[in-house]
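A.B. asks: The structure follows.
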Amino acid sequence: MSVIKFGILTVSDTCYKDPTKDTSGPNLKDIITKWSRSSEVTSRKIVPDEIDEIKSVLIKWSDEKICDVILTTGGTGFAKRDVTPEATRTVIEKEAPGLSYAMISNSLAITHTAMLSRAVCGIRSQTLIINLPGSRKGAAECFEFVKDAIPHAVALLKDEKVLVTLLHKTVQHKGAGDGSVRSRVKVNNVASRIRQSPYPLIEVAKAAEIVFENCVPIEESETVSFDESINRILAEDVYALEPVPLFRASIKDGYAVIAEDGAGLRNIKEVTAAGDAPLDQKLKPGEAVRISTGAPLPPGANAVVQVEDTTLVKASPDGTVEVTIEIKVPPKLNQDIREIGSDVPQNSLVLNKYDRIKPADIGVMAMLGKTKINVFKRASVGVISTGNELIDPRGVAEVLPPGKIRDANKFTLTQILGKYNYDPMDCGIVRDDPDSVKSALEKAFSSNDVVISSGGLSMGEFDVLKQVLVEDFGAKIHFARVNMKPGKPTTFATLVYKEKRKIYFGLPGNPVSCGVTCLLYVVPALKYMERSSNYKFPIIRVGGLELVNNDPRPEYHRVRVSVDPISGEFKMRSTGNQISSRLNSLVGANGLAVVKKGVKTSTYNVMLFDDLL
C-alpha cells in the first residue's frame, strides 16, 4: 500500500489570529508521524470559524488529490461559531457514520461531555474527511479510536489490493462482549504457531509513557465521611467557614488580667475552665480570673499571667479558694493569648484539591466541622491468575497434587495494591484455554475499570491471553515486550467493553516478575488515574554496593535501603538471588536498583517503593 497522505486543518478564530496557540494540530502531526511509517502529514492549515473558508480547503485538498485523509480539529461544539460539521456536510459525497459513532461511544467511556460533540465524517472523491474535537487531548483520543480503520478505508477508496484481514477483524470486534461462550482463538494447530513475537521490544521509560498516555485520569468524584477519607485524593478545596479559635483563648494555665495594672496584688474574681462559656461580667482593674489552657478570656482581659509568675497572698479559711495573689512579673499586652482566627483565619484555604489526605488533614477537617468531603473516585481493579497448574492455597491439603503449585501471584498483587490503598476484586484462577480466558475476562471487565492478569503471556502453546484480547475483545495491544529483567513479557492493552473504556495489564507469571512490574506500571497508573499529584515512586541515588548483571537487559535488582545512623547517608544491600521465580527476593525489599550490563559502578538509581528501613 502506498503512503497515506494526511492533511490537518485547524479551525479556530483564536488560532487563526495567533498560530502559536494551536496545540492540537502540531500534536496530531506528531502522533501520525510516530504511528506508522506508511503515513505522513503533507498539508497543514489554520482557518477561522467560517463555513466558506473551511469548505474551500476541504474541496481543494480532496479534489486536487493533495490528501488521502483530512483531519479537522475544532469547531464541533455548541458555540455559535462552531460550524465545522456544517461545512463538512456540504462538501462530502458520502457520510461515514461508523467513524463518528466510534469516536462518540469511546469518548463517552471517558467523559460524559463527549455527548456534546457534533463531529461529521465522510468521503469526497477518494479522500476521507474526519472531524475531531478542538482540544489537544480530545483530538488525540478520538484519532486513537479510529486510526486502525484508516488504512483499510483509504485502501478501499483507492481500490488498492492490500492485506487488511487482521485489521478488519480487530475493528469489527471492537468492544466485543457478545455473550458467546466460545472464543474465536484456536490453539489446536501448534505446528504452525508463531515462533517469533510480533511485538517490538521497547524500553521501560517508553512503556511507562504509553501507560500514562492511555490511563485517563478519572473526572468523577464521590462524597465520603471525613474519618474514612485517609489516603484519598481531594476533589475540592477546603476552606474554613469559621475562624479557629472561635474566641480569644488562654495559651497557659494562670490568670486573666488587665495588662495595664502591671505587677502587684490582684483579687480573684471567678474561675473559667476549658469548655466553659465566656463570663458575662467585664473584668475590672485590680481583678483577675483564674483560667486554664484553652478557656475563653473574660471580657476586659488582655493578658494571661502563668501560674509560675505569681504567689498566693490570701486564701479562704478552709484553704480551698484563692482570694488574693501577687503578680511578680509585669504582664505584656496580649501575652499568652490565642486570638480569634490565629490558628485558622475565617475563609482561608486549609486543604488543596488534588492533595492526598493525610492523618493530620482528617484532624483539620474534624476541627473545622467538615464531616463530608469530596474525593476523586478510584478505578475498580480486578485480578486474575492464569495457569492449569495453579490451585488456591486456601483450604487445600498440605500435600499438593502432582504437577500443581499454589497461586502466590494473586496474593502478592492484592497485598501490593492494598498497601497503596486499592481494594482489588479476586476474579479467580483461569485455565489456559481460550474459552475459559474469554469467560473470565468478560466477568472481570463487567465489574472493573482495570483488569490485571498474571501468566499466559509468553510464547508457549497455551499462552493465549493476547490472542483472546485482540480477537474476542478488539483490544489494542500497546506493548507486549519490555527491555527489562525481570518482566520482559509485560503487556499493556486498552479496549472498549459494553461501551466503556477498559485498561488491561498482563503481568508475567514468575512471582518476582509479577510483583516488580506491578510496582513499576500498575500502582503508578492507578495513582495517576486517581489524580494523585505524586503518582511516581521517588528515585534516589544510593552507593556503597557493587551489583553484577550479566543479562543484556537492565535488571531491577531488589534491594533493602536504609539510612546510616552516623553519616545520615543512604545505604543498601541486596536481597540475595535475583532469579525471577524466587519470591523471597522481594521479601524485605523496599527499592529496585537499576543495574545495567557492563557498567561498573557502586552507585545506582533506586526506585523507592516502601519506607526506609
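The values are calculated or read from the model by the stated rules, or taken from the named source; none is laboratory data. This is a predicted model, so every value here is computed, not measured. Reconstructed Cβ throughout: ideal geometry from the backbone, glycine too, with neighbour counts over all protein chains shown.
A.B. asks: Show me the strands (runs of 3 or more DSSP E) entirely contained within segment 191-287 in which 3 or more residues are at pLDDT 95 or above and within 30 Å of Tyr521 (Cβ to Cβ). I'd like the intermediate steps shown before the answer.
C.D. replies: Details: elements: 221-225, 254-257, 264-272.
Hits in segment 191-287: 221-225.
A.B. asks: Residues Ile357, Ile325: which one is under 28 Å from Asp253 (Cβ atoms), surrounded by 12 or more Cβ atoms within 10 Å (Cβ to Cβ) and out of contact with any helix residue (DSSP H, G or I) (no Cβ under 8 Å at 6 or more places or on another chain)? It would help to see each step written out before you state the result.
C.D. replies: On the way: Ile357 fails: under 28 Å from Asp253 (Cβ atoms).
Answer to the selection: Ile325.
A.B. asks: To continue, here is another question. Go over the candidates Lys65, Lys55 one by one and state the one that is charged (D, E, K, R), more than 24 Å from Glu144 (Cβ to Cβ), surrounded by fewer than 14 Cβ atoms within 10 Å (Cβ to Cβ) and over 36 Å from the mean Cα position of the chain (by Cα).
C.D. replies: Only one candidate passes the filter, namely Lys65.
A.B. asks: Quick check: is even one residue across segment 37-55 in contact with a Pro (Cβ under 8 Å, 6 or more places away or on another chain) and either touching a residue at least 40 places away in the same chain (Cβ under 8 Å) or not hydrophobic (A, V, I, L, M, F, W, C) (or both)? First the steps, then the outcome.
C.D. replies: Within segment 37-55, the first condition is being in contact with a Pro (Cβ under 8 Å, 6 or more places away or on another chain), and the residues that meet it are 38, 46.
Of the ones still in play, those that are also either touching a residue at least 40 places away in the same chain (Cβ under 8 Å) or not hydrophobic (A, V, I, L, M, F, W, C) (or both) are 38.
So far as segment 37-55 goes, yes, one or more of its residues are in contact with a Pro (Cβ under 8 Å, 6 or more places away or on another chain) and either touching a residue at least 40 places away in the same chain (Cβ under 8 Å) or not hydrophobic (A, V, I, L, M, F, W, C) (or both).
A.B. asks: Moving on. If I filter segment 102-117 down to residues being under 24 Å from Leu495 (Cβ atoms) and aliphatic (A, V, I, L, M), which single residue comes out as surrounded by the most Cβ atoms within 10 Å (Cβ to Cβ)?
C.D. replies: Just the residues of segment 102-117 that are under 24 Å from Leu495 (Cβ atoms), to begin with: 102-115, 117.
Subsequent filtering for residues that are aliphatic (A, V, I, L, M) retains 102-104, 108-110, 114-115.
Values: Ala102: 21, Met103: 26, Ile104: 17, Leu108: 17, Ala109: 19, Ile110: 18, Ala114: 19, Met115: 9.
For segment 102-117, the residue satisfying everything is Met103.
A.B. asks: Name, by its number, the condition in (1) surrounded by fewer than 24 Cβ atoms within 10 Å (Cβ to Cβ); (2) part of a helix (DSSP H, G or I) that does not hold for Val496.
C.D. replies: (2)
A.B. asks: Same structure, new question: Is it the case that Arg531 is touching a residue at least 40 places away in the same chain (Cβ under 8 Å), assigned to a loop (DSSP other than H, G, I, E, B) and closer than 24 Å to Tyr422 by Cβ? Even if it seems obvious, please write down each step before you answer.
C.D. replies: On the way: touching a residue at least 40 places away in the same chain (Cβ under 8 Å): yes; assigned to a loop (DSSP other than H, G, I, E, B): yes; closer than 24 Å to Tyr422 by Cβ: yes.
Yes.
A.B. asks: Could you list, in sequence order, all residues of segment 118-154 that are in contact with a Leu (Cβ under 9 Å, 6 or more places away or on another chain), of a type in the set (Ser, Thr, Tyr) and surrounded by fewer than 22 Cβ atoms within 10 Å (Cβ to Cβ)?
C.D. replies: Ser125
A.B. asks: With respect to Val350, determine if the residue is outside any helix (DSSP H, G or I), more than 21 Å from Pro243 (Cβ to Cβ) and in contact (Cβ under 8 Å) with a residue 24 or more places away in the chain.
C.D. replies: Values: outside any helix (DSSP H, G or I): yes; more than 21 Å from Pro243 (Cβ to Cβ): no; in contact (Cβ under 8 Å) with a residue 24 or more places away in the chain: yes.
No; evaluated as a whole, the condition is false for this residue.
A.B. asks: Separate question: Can you tell me which residues in segment 100-113 are free of Cβ contacts under 8 Å to residues at least 24 places away in the same chain and either assigned to a strand (DSSP E or B) or farther than 13 Å from Pro85 by Cβ (or both)?
C.D. replies: Correct list: Tyr101, His112, Thr113.
A.B. asks: Among the listed residues Leu592, Leu526, Leu612, identify the single one that is within 18 Å of Lys419 (Cβ to Cβ) and assigned to a helix (DSSP H, G or I). Don't jump to the end; show me each part of the working.
C.D. replies: Values: Leu592 fails: assigned to a helix (DSSP H, G or I); Leu612 fails: assigned to a helix (DSSP H, G or I).
That would be Leu526, the only listed residue that is within 18 Å of Lys419 (Cβ to Cβ) and assigned to a helix (DSSP H, G or I).
A.B. asks: How about segment 222-254: which of its residues are surrounded by fewer than 18 Cβ atoms within 10 Å (Cβ to Cβ), more than 30 Å from Ala277 (Cα to Cα) and touching a residue at least 40 places away in the same chain (Cβ under 8 Å)?
C.D. replies: Of everything in segment 222-254, those that are surrounded by fewer than 18 Cβ atoms within 10 Å (Cβ to Cβ), more than 30 Å from Ala277 (Cα to Cα) and touching a residue at least 40 places away in the same chain (Cβ under 8 Å) turn out to be Glu222, Thr223, Val224, Ile230, Asn231, Glu236, Asp237.
A.B. asks: Going by the conditions given, is Thr90 at pLDDT 90 or above and surrounded by fewer than 23 Cβ atoms within 10 Å (Cβ to Cβ)?
C.D. replies: Working: at pLDDT 90 or above: yes; surrounded by fewer than 23 Cβ atoms within 10 Å (Cβ to Cβ): yes.
In short, yes.
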